[in-house]
Amino acid sequence: MSSVALDIPQIDALLHEPARLRLMAFLAVVKRADFTYLLKLSEMSKGNLSVQMNRLGDARLVKIEKSFEGNRPRTIYQLTAQGRNALRAYKKNMTAILAALPD
Amino acid sequence: MGEVMLENTGAIEQRVYRAYWNDGLLDVFAAAGVFAIGLFWLFDLPVGAAFVPAWLVPAWGPCRRRLIEPRLGMVEFSDARQRRNTSMLRLILYAGIGCLILGIEMYFLRDRLGQNPSMTLIAGLPAVLLALLAIATAALIATPRFLVYAAVLAGVGTTGGIFGLRPGMILAIAGSVMAVPATAILVRFMRNNAIVSEDAP
């Protein structure tokens, strides 16, 4: 018996996590933003934000630039082309799955 | 890097963009600008009013970096948004220069028109013209709050004209009235948003 699961598009688990998806959605609509801005916008804790952004950075979906302003550290994030493509694919796949669901 | 926006992200971008202006710094700058132009005019130095934008525009970046960014963070909007802003700001700047030229013309013609009853109403015209700029700003940054400033400028301009106030006094009053909510918004923002450090939690 063939599996119906084969017809369901693969969902990117990295993006499917709600906190990371929100961060990616924010970064998709701006050119770049720093840690403080994302912290305020997402209302996440510093630790959680840092962990999630590092995971996105490790996957090369987000470019991370660390610098100092005076003696204060500053981290700036920017969606990479790979990140945009991943987000676009995620949206396409999720739309396909949700459209196939019965009302 | 290609800056292709994802489809249907307009609503998120619009919300983020609108939130960017909610700290009250632009309000304070607008009020200070109107007040300073009025003050120059009041002391018979209308040409000095031309230097107000030249003083405010360069002050914007450092003020934002010092007061807002340590609390709210830094964000750069898309190239498309920045291009749209630049052309709108250019339009607003040209319109502002037009208002100023009109005001200076009035200033030099005031002795000749002094006996004309319509001159008293014309005194409110610069404030009414600045109200139009406030409406344009409200549209540009999607912030209805600037419509209130437009109403203040138009209201003070018309009333001041009827009561025979000089243009400088009208603008100084309008700027002072605008400064009250503008300062309140900025102070509330700074009180509610402590400086954030990126240091490890």
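Give me the lysines in straight-line cross-link reach of residue A:66: C-alpha distance below 26 Å, same-chain residues under 8 apart excluded.
A:31, A:40, A:46
Suppose every Lys and Arg Cβ carries +1 and every Asp and Glu Cβ carries -1, with no other charges. What dipole size does segment A:13-96 come out with about its Cα centre, to the nearest 20 debye?
220 debye
Taking the Cβ-Cβ separation of residue A:81 and residue B:47 as r and a Förster radius of 45 Å, what is the calculated FRET efficiency to the nearest 0.05?
Computed FRET efficiency for residue A:81 and residue B:47 comes out at 0.30.
In sequence order, what are the phi-derived ³J(HN,Hα) couplings for segment B:54-60 according to the Karplus relation 6.51 cos²θ - 1.76 cosθ + 1.60 with θ = phi - 60°, rounded to whole Hz, with x for glycine and proline?
5, 8, 6, 4, x, 6, 4
Which listed residue (B:159, B:51, A:37) has the Cα farthest towards the positive end of the charge dipole for the protein assembly as shown, taking +1 on Lys and Arg C-beta and -1 on Asp and Glu C-beta about the Cα centre?
A:37
Could you give the angle, 0 to 90 degrees to the nearest 10, between helix B:79-113's Cα long axis and the longest principal axis of the Cα atoms of chain B?
10 degrees
Can you tell me the relative contact order of chain A? Whole percent, Cα pairs under 8 Å, sequence separation 6 or more.
Worked out over chain A, it gives 32 percent.
What relative contact order, as a whole-number percentage, does chain B give when Cα pairs under 8 Å and 6 or more residues apart are counted?
36 percent
How far, in nm, would the chain grow between residue A:88 and residue A:46 when pulled straight, counting 0.36 nm per residue and subtracting the alpha carbon separation?
Full extension of this stretch gives 12.4 nm more.
Output the residues of segment A:33-56 meeting this criterion: accessible area (heavy atoms, 1.4 Å probe) in the chain alone minus accessible area with all protein chains in place is 40 Å² or greater.
The answer is A:36, A:37, A:40, A:46 - residues whose exposure falls by at least 40 Å² when every protein chain is included.
Using the heavy atoms of the protein chains and a 1.4 angstrom probe, tell me the accessible area per residue for chain B in square angstrom.
Per-residue value: 53 Å².
Counting pairs of Cα atoms in chain B, how many percent are more than 25 Å apart?
When all Cα pairs of chain B are counted, 43 percent exceed 25 Å.
Given N residues in the protein assembly as shown, what is Rg(Cα) / (2.2 N^0.38 Å)?
My calculation over the Cα atoms of the protein assembly as shown gives 1.29.
Per residue of segment A:18-33, what does 6.51 cos²θ - 1.76 cosθ + 1.60 with θ = phi - 60° give for ³J(HN,Hα)? Whole Hz please, x for Gly and Pro, Karplus curve as stated.
Karplus values, whole Hz, x for Gly and Pro: x, 5, 5, 5, 4, 5, 5, 5, 4, 5, 6, 9, 10, 6, 7, 8.
Could you work out how far apart the two model spin labels at residue B:163 and residue B:188 are, taking each label as a point 7 Å from the Cα in the direction of the beta carbon, and quote it in nm?
If labels sit at residue B:163 and residue B:188, their model points lie 2.7 nm apart.
Which percent of the accessible heavy-atom area of the protein assembly as shown goes to carbon and sulfur, probe 1.4 angstrom?
64 percent
Please give the residues from segment A:63-103 for which the solvent-accessible area of heavy atoms, probe 1.4 Å, is smaller by at least 30 Å² with all protein chains in place than with the chain isolated.
For segment A:63-103, once contacts with the other chains are taken into account, A:72, A:73, A:74, A:84, A:88, A:91 lose 30 Å² or more.
Going by Cα centres, segment B:176-201 and segment A:28-65 are how many Å apart?
For segment B:176-201 versus segment A:28-65, the Cα centre distance is 23 Å.
Can you list the residues, at least 5 places off or on another chain, whose amide H is less than 5 Å from the amide H of residue A:32, using H built in the peptide plane?
Distant-sequence amide H within range of residue A:32: B:76.
If one puts a single equal scatterer on every Cα of segment A:13-96 and applies the Debye formula without solvent, what log₁₀ I(q)/I(0) results at q = 0.13, 0.17, 0.21 Å⁻¹?
Cα-only, vacuum Debye calculation for segment A:13-96: -0.38, -0.64, -0.96.
Each residue of segment B:173-188 in turn: what ³J(HN,Hα) in whole Hz from Karplus with 6.51, -1.76, 1.60 and θ = phi - 60°, glycine and Pro shown as x?
Once rounded to whole Hz, the list reads 5, 4, x, 5, 4, 5, 5, 5, x, 4, 5, 4, 5, 5, 5, 4.
Taking amide H positions as placed 1.01 Å from N in the peptide plane, with prolines and chain starts having none, which residues 5 or more places from residue A:62, or on another chain, fall under 5 Å of its amide H?
A:57, A:80
The values are calculated or read from the model by the stated rules, or taken from the named source; none is laboratory data. Bear in mind the structure is a predicted one, so any value in this text is a computation, not a measurement. Here the Cβ is made from the backbone with ideal geometry for all residues, glycine too, and neighbour counts use every protein chain on show. Side chains are part of the model used for accessible areas, which takes the heavy atoms of the whole protein and leaves out ligands, DNA and RNA. Shrake-Rupley method; radii C 1.70, N 1.55, O 1.52, S 1.80 Å.
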